[in-house]
Amino acid sequence: MGCKSKYYRRDQNNINFSYKRNVVIKKKMRKKKELRSTARAVSIDPNIVLDVHDLIKIYTTGNSIVTALNKVNLTIKKGEFIAIVGPSGSGKTTLINCLGALDFPDSGKIIYNVDSKGMGLDVTQMTNKQHKKMRLRKIGLIFQFYNLFPILTAYENVELPMVIDKRDAKEREVKVKSLLKRIGLEERMEHLPTQMSGGEQQRVTIARALVNEPLIILADEPTGELDTETTTNILKIFLDLKKAGESILMVTHNKRIAETADRIITLTDGVFTDEVIGGKTLEEINKF
Ligand SMILES: Nc1ncnc2c1ncn2[C@@H]1O[C@H](COP(=O)(O)OP(=O)(O)O)[C@@H](O)[C@H]1O
Ligand SMILES: [Mg+2]
């Protein structure tokens, strides 16, 4: 009995300890959230779409501490196409996640020109709810593995962000049809993701990213899963978007693709270590 009560007391102590720890963690999180909810408008050069200052992101898992981003600075002008290259594990996806309002950095600023006229907002100071709004209306995200809803058709997948944003039905139809036409998939609009090739699915995600007319497109290895010919077709779409004035930040392992960007920035161990001018045409990169 004495033994039982000893274990009982120890369990109780553990429960009390984890309860207290949870309360402390929740308090800290609330404080962080309160701090974040004070995002104030700042002025930003109207020609700049995104301004990143001293971004730091540290992951702590057990005893291991990884500095995934170590004081990253980046300014993207409107209509610029930037490629981020670098070895696996260098922090590319972490950068996309922080810029894409999917995660919070530990410190630094990520200022978006939210009204396109020079009113900047820092996403690191936003609440989760404001993050959702940014992703819905201001940032077009594209991933390597498409992330389409398997039970929705191409048309419905593209339409979804407009539905969530409570946009008018007629406006949705006009916009979705014109985008599907723009990416050459009008014939496939009733197809489910399983009825489309990888390249076609990625084209659907590009249309979905564009549907709410974002300030910038952030793409994380969009051609990582595709063969050479399909990669070229997807690249053509990105180059057309650039020509139409879209701002693009693309992480890629593909050297040829990177060379078509205006600037090619290398990320190594969370630090920008190199930057070169690109701007090659499709014909130029296809010569080799
Ligand atoms: N959620 C996470 N928890 C802990 N460590 C992470 C997490 N995400 C990424 N990392 C680590 O951070 C570093 C950068 O990862 P990542 O941004 O995915 O690199 P990349 O996209 O360039 O391959 C790697 O060392 C990776 O192991
Ligand atoms: Mg990655």
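A few points about this structure:
- Evaluated against (1) closer than 25 Å to LEU50 by Cα; (2) assigned to a loop (DSSP other than H, G, I, E, B), LYS166 falls short on exactly one condition, (1).
- Verdict on LEU121 being surrounded by 13 or more Cβ atoms within 10 Å (Cβ to Cβ) and part of a strand (DSSP E or B): yes
- Looking across region 58-78, the residues that are within 16 Å of ligand 2 (Cβ to nearest atom) and closer than 25 Å to ASN113 by Cβ come down to LEU69, VAL72.
- Contact map, region 48-66: first residue without any contact (Cβ under 8 Å) to a residue 40 or more places away in the chain, second residue among the small types (Gly, Ala, Ser) and within 12 Å of ligand 1 (Cβ to nearest atom), Cβ cut-off under 6 Å, separation 6 or more or different chains; pairs are TYR59/ALA68.
- Comparison of LEU160, LEU152, LEU148, LEU141 shows that the only residue that is assigned to a strand (DSSP E or B) and either farther than 11 Å from ALA209 by Cβ or assigned by TED's automatic domain parsing to the domain that holds THR93 (or both) is LEU141.
- Scanning region 75-107 for residues that are hydroxyl-bearing (Ser, Thr, Tyr), within 12 Å of ligand 1 (Cβ to nearest atom) and not in a loop (DSSP other than H, G, I, E, B) yields THR93, THR94.
- Filtering region 48-62 for residues that are hydroxyl-bearing (Ser, Thr, Tyr), in a strand (DSSP E or B) and surrounded by 15 or more Cβ atoms within 10 Å (Cβ to Cβ) leaves an empty set.
- Neighbours by Cβ (under 9 Å, 6+ apart or cross-chain): first from region 87-105, assigned by TED's automatic domain parsing to the domain that holds SER247 and within 13 Å of ligand 2 (Cβ to nearest atom); second charged (D, E, K, R) and part of a loop (DSSP other than H, G, I, E, B): PRO87/ASP269; GLY89/ASP269; SER90/ASP269; GLY91/ASP269; LYS92/GLU221; THR93/GLU221; THR94/ASP103; ASN97/ASP103
- Residue list for region 45-94, restricted to those being closer than 19 Å to PRO222 by Cα, polar (S, T, N, Q) and in contact with a strand residue (DSSP E or B) (Cβ under 9 Å, 6 or more places away or on another chain): SER90, THR93, THR94
Here's the yes/no breakdown for (1) within 16 Å of ligand 2 (Cβ to nearest atom); (2) over 17 Å from ASN157 (Cα atoms):
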residue	(1), (2)
GLU190	no, no
PRO193	no, no
SER197	no, no
VAL211	no, no
ASP220	yes, yes
THR230	no, yes
ASN233	no, yes
LEU241	no, yes
GLU246	no, yes
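- Filter result for GLU229 (charged (D, E, K, R), within 24 Å of LYS280 (Cβ to Cβ) and in contact (Cβ under 8 Å) with a residue 60 or more places away in the chain): no
The values are calculated or read from the model by the stated rules, or taken from the named source; none is laboratory data. Small disclaimer: the values here were computed from a predicted structure and weren't measured. Please note: Cβ atoms are built from the backbone with ideal geometry, for glycine as well, and neighbour counts cover all protein chains shown.
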